[in-house]
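Read through the structure below, which is laid out as structure tokens, and then see the notes.
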Amino acid sequence: MTQDELKKATAEAALQRILPHLEDDMIIGIGTGSTANFFIDALAEHRNSFDGCVASSEASADRLKQHGIPVYDLNSVSELRFYIDGADETNEHLHLIKGGGAALTREKIVAAVSKEFICIADGSKKVGVLGEFPLPVEVIPMARSHVARELVKLGGDPAYREGVMTDNGNIILDVWNLKITDAVALEQKINQIVGVVTNGLFAARPADVLLLGTAEGVETIK
Ligand code: 5RP
């Protein structure tokens with residue numbers, strides 16, 4: 001199977017997992033990226049079984065709207081029953097690296113409001129130690145050099161993601177060469193650097209369920 005076929009299979013598995021729980025007034029949190037896009041397309045076939053969605057990016061909001069699915073401002077919603085999103089890396093504790101699509105801050109906010117975070121990913125995303133994928137950090141533009149120097153002190157090699165501005169008007173530094181053995185501690189440490197908006201470690205609030213697409217089928221890890 002191709003990587004896209006594996007992504008699609010996990011998206012379909014997530015849909016099957018939530019279908020029995022859908023209610024007319026339910027609002028669902030939706031992530032960003034190619035795996036989340038497969039989920040949006042699958043969910044669209046059931047658009048009359050729930051109320052609408054909150055999206056973690058303008059791109060996902062646009063895709064949902066193209067399917068005729070209402071998109072709500074998170075401020076008008078008190079709780080999301082489900083949040084479905086992909087990841088760039090995951091470990092066995094369901095700590096994630098996210099932000100390859102530069103949507104990490106909104107993704108983290110939507111995840112925080114969600115009762116159940118279902119992560120959907122192809123098997124290549126599961127690693128022993130997080131950090132082979134460069135850790136994205138969203139930064140206020142004027143703090144770019146300061147934050148980069150502080151990230152070097154933490155042992156990383158930050159690289160400015162050229163030509164990318166987040167939906168919040170900020171820049172991304174991708175931090176290479178981190179071997180992340182204590183993801184909870186590193187997430188907190190990086191967030192304490194002045195000028196950092198957020199970082200792509202989802203460890204303080206990890207996924208609740210990981211649906212991992214493999215050649216043998218979709219594995220469920222909790
Ligand atoms: C976007 C993300 C995505 O979830 C992550 O990059 C995975 O993307 P894809 O599903 O395309 O592999 O964090 O900010």
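The values are calculated or read from the model by the stated rules, or taken from the named source; none is laboratory data. None of the values given here were measured: they were computed from a predicted structure. Cβ placement follows ideal geometry from the backbone for every residue including glycine, while neighbour counts extend to all protein chains displayed.
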| query | Considering segment 165-179 alone, what residues qualify as being farther than 19 Å from K108 by Cα and either among the acidic types (D, E) or surrounded by 12 or more Cβ atoms within 10 Å (Cβ to Cβ) (or both)? | reply | W176, N177, L178
| Flag if L64 is touching a helix residue (DSSP H, G or I) at 6+ places or on another chain (Cβ under 9 Å), within 20 Å of N168 (Cα to Cα) and not basic (K, R) | yes
| Only one of H46, H67 that is under 16 Å from P20 (Cα atoms), out of contact with any Phe, Trp or Tyr (no Cβ under 8 Å at 6 or more places or on another chain) and more than 15 Å from the ligand (Cβ to nearest atom) | H46
| request: Identify all residues within segment 202-222 that are in contact with a Gly (Cβ under 9 Å, 6 or more places away or on another chain) and not in a loop (DSSP other than H, G, I, E, B); write none if there are none. | output: L212, G213, T214, E219
| message | Name the residue that is nearest to the chain's Cα centre (by Cα), counting only residues in segment 30-60 that are more than 14 Å from Y83 (Cα to Cα) and among the aliphatic types (A, V, I, L, M). | response | A59
| field | Candidates R63, R81, R47 - the one that is in contact with a Gly (Cβ under 9 Å, 6 or more places away or on another chain) and touching a residue at least 24 places away in the same chain (Cβ under 8 Å) | value | R81
| request: With the condition kept exactly as written, say whether any residue in segment 134-147 is under 21 Å from D208 (Cβ atoms) and touching a strand residue (DSSP E or B) at 6+ places or on another chain (Cβ under 7 Å). | output: no
| query | Which pairs have Cβ atoms under 6 Å, sit 6 or more apart or on different chains, and link a residue in segment 102-127 that is free of Cβ contacts under 8 Å to residues at least 40 places away in the same chain to one that is more than 8 Å from the ligand (Cβ to nearest atom)? | reply | K115/R81; V127/E89
| Does any residue of segment 95-105 turn out to be more than 11 Å from the ligand (Cβ to nearest atom) and at pLDDT 95 or above? | yes
| Do we have A13 as within 22 Å of K98 (Cβ to Cβ), out of contact with any helix residue (DSSP H, G or I) (no Cβ under 7 Å at 6 or more places or on another chain) and in the same structural domain as G101 (by the TED database) here? | yes
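Residue by residue, here is whether (1) within 14 Å of G200 (Cβ to Cβ); (2) within 11 Å of the ligand (Cβ to nearest atom) holds:
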position	(1), (2)
F38	no, yes
R63	no, no
V77	no, no
G86	yes, yes
A112	no, no
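Yes or no, residue by residue, for (1) part of a strand (DSSP E or B); (2) of a type in the set (A, V, I, L, M, F, W, C); (3) in the same structural domain as L210 (by the TED database):
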| site | (1), (2), (3) |
| --- | --- |
| F82 | yes, yes, yes |
| A112 | no, yes, yes |
| D167 | no, no, no |
| V175 | yes, yes, no |
